[in-house]
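The values are calculated or read from the model by the stated rules, or taken from the named source; none is laboratory data. Every value quoted in this text rests on a predicted model; they were computed, and no experiment measured them. Every residue, glycine as well, gets a Cβ built from its backbone with ideal geometry; the counts of neighbours run over all protein chains shown. Keep in mind that these areas ignore ligands, DNA and RNA; they rest on the heavy atoms of the full protein, side chains included. Shrake-Rupley method; radii C 1.70, N 1.55, O 1.52, S 1.80 Å.
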Amino acid sequence: MGLWDKFVVLEGLDGSGTTTQLNRLEEYCREKEIPCYKTFEPSDGFIGLACRAVLEKREKADTLSLAQLFAADRREHLKKIKEKLEAGEWVFCDRYLFSSLAYQSLGMDFDDVYDLNRDFPAPGFCLYVECSVETSAARRGGRGGNEDLYEKEALQRKVSGFYEHAFELFYPEDVKGLYRINGEATADEVFKEIISTLGI
Ligand SMILES: Nc1ncnc2c1ncn2[C@@H]1O[C@H](COP(=O)(O)OP(=O)(O)OP(=O)(O)O)[C@@H](O)[C@H]1O
Ligand SMILES: [Mg+2]
């Protein structure tokens with residue numbers, strides 16, 4: 001077993017249902033008494049809070065500063081994640097470096113975002129909750145609340161392209177770890193597919 005084998009990240013377009021599945025995973029593990037740690041990026045550490053302030057338009061930062069903040073948050077966050085993995089727990093993380101590559105590349109060169117993130121470990125499971133732009137937009141509409149920076153349909157199409165590029169780099173054909181989950185299905189069905197993928 002490698003250190004990152006039980007590191008599970010959920011990725012997907014805004015509204016694809018990653019947070020819904022993250023919460024279900026935690027609930028499921030609690031019931032089954034499987035030790036796990038639920039977390040998210042940007043994290044709730046002080047750098048993560050700065051990222052959120054920019055995303056929510058309470059603070060301003062240019063695109064490079066924001067990408068650097070995300071990477072710095074990730075570097076600190078990984079210390080906690082590593083600690084949990086070393087203790088033998090599963091770690092479930094809502095968004096990870098693939099989100100940086102997918103979203104930050106809207107405002108700067110993909111390769112420059114990649115340079116900031118290339119040395120971070122690839123998770124044992126990258127669960128890509130695959131959903132069409134239309135479906136994820138409809139779900140965001142259903143949820144209500146303020147549209148954040150990236151929640152515009154045309155942008156989501158670009159994001160989806162950047163995700164694919166990121167997956168090619170971190171999971172070339174001979175590298176295991178990328179799992180495409182059918183996010184168009186009901187939340188129950190999506191969850192079943194995730195559980196069977198993880199084998200828990
Ligand atoms: N498989 C599903 N089928 C139908 N509705 C769903 C499904 N999964 C989640 N939803 C609903 O879609 C909305 C968005 O879900 P959720 O917040 O989990 O998405 P998200 O990917 O975390 O979004 P964001 O990236 O904006 O945080 C919620 O109202 C949720 O209840
Ligand atoms: Mg979410």
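If you go through the range 76-105 and keep only what is open to solvent by 30 Å² or more (accessible area, probe 1.4 Å) and either at pLDDT below 95 or part of a helix (DSSP H, G or I) (or both), you end up with 76, 79, 80, 82, 83, 84, 86. Summed over the range 77-101, the residues that are closer than 18 Å to residue 27 by Cα, more than 16 Å from ligand 1 (Cβ to nearest atom) and among the hydrophobic types (A, V, I, L, M, F, W, C) give a count of 2. Every residue in the range 1-25 that is within 14 Å of ligand 2 (Cβ to nearest atom) and among the acidic types (Asp, Glu), please. Residues satisfying the conditions are 11, 14. Among residues of the range 147-171 that are farther than 10 Å from residue 106 by Cβ and modelled with pLDDT of 95 or more, those with a Cβ under 6 angstrom from a residue that is open to solvent by less than 60 Å² (accessible area, probe 1.4 Å) and not in a helix (DSSP H, G or I), sequence gap 6+ or separate chain, pair up as 167/178; 170/122; 171/177; 171/178. Quick check on the range 142-154. Is at least one of its residues under 21 Å from residue 191 (Cα atoms) and open to solvent by 20 Å² or more (accessible area, probe 1.4 Å)? Within the range 142-154, one or more residues are under 21 Å from residue 191 (Cα atoms) and open to solvent by 20 Å² or more (accessible area, probe 1.4 Å).
This table checks each residue for (1) out of contact with any strand residue (DSSP E or B) (no Cβ under 7 Å at 6 or more places or on another chain); (2) of a type in the set (Phe, Trp, Tyr); (3) not in a helix (DSSP H, G or I).
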{"site": "34", "(1), (2), (3)": "no, no, yes"}
{"site": "38", "(1), (2), (3)": "no, no, yes"}
{"site": "51", "(1), (2), (3)": "yes, no, no"}
{"site": "66", "(1), (2), (3)": "yes, no, no"}
{"site": "70", "(1), (2), (3)": "yes, yes, no"}
{"site": "73", "(1), (2), (3)": "yes, no, no"}
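Look at the range 18-29: where a residue is of a type in the set (A, V, I, L, M) and a partner is open to solvent by less than 60 Å² (accessible area, probe 1.4 Å) and away from ligand 2 (no atom under 14 Å from the Cβ), sitting 6+ places away or on another chain with Cβ atoms under 9 Å, you get 25/8; 25/36; 25/90; 25/191; 25/194; 25/195; 25/198; 25/200. Output the residues belonging to the range 169-186 that are over 15 Å from residue 7 (Cβ atoms) and surrounded by fewer than 12 Cβ atoms within 10 Å (Cβ to Cβ). Result: 172, 173, 174, 182, 186.
When residue 62 is tested against (1) without any contact (Cβ under 8 Å) to a residue 12 or more places away in the chain; (2) surrounded by 14 or more Cβ atoms within 10 Å (Cβ to Cβ), exactly one condition is not met: (2). Filter the range 1-57 down to the residues that are at positive phi and among the basic types (Lys, Arg) and list them by number. Across the range 1-57, the qualifying residue is only 57.
Listed by first and then second residue, the pairs with beta-carbon distance under 6 Å, at least 6 apart or on different chains, first residue in the range 40-58 and under 21 Å from residue 10 (Cβ atoms), second within 14 Å of ligand 2 (Cβ to nearest atom) and of a type in the set (Lys, Arg), are 41/95; 42/52. Tell me, which residue of the range 20-53 that is within 16 Å of ligand 1 (Cβ to nearest atom) and either within 20 Å of residue 104 (Cα to Cα) or small (Gly, Ala, Ser) (or both) is most open to solvent (accessible area, probe 1.4 Å)? Step by step, filter the range 20-53, then rank; the result is 44.
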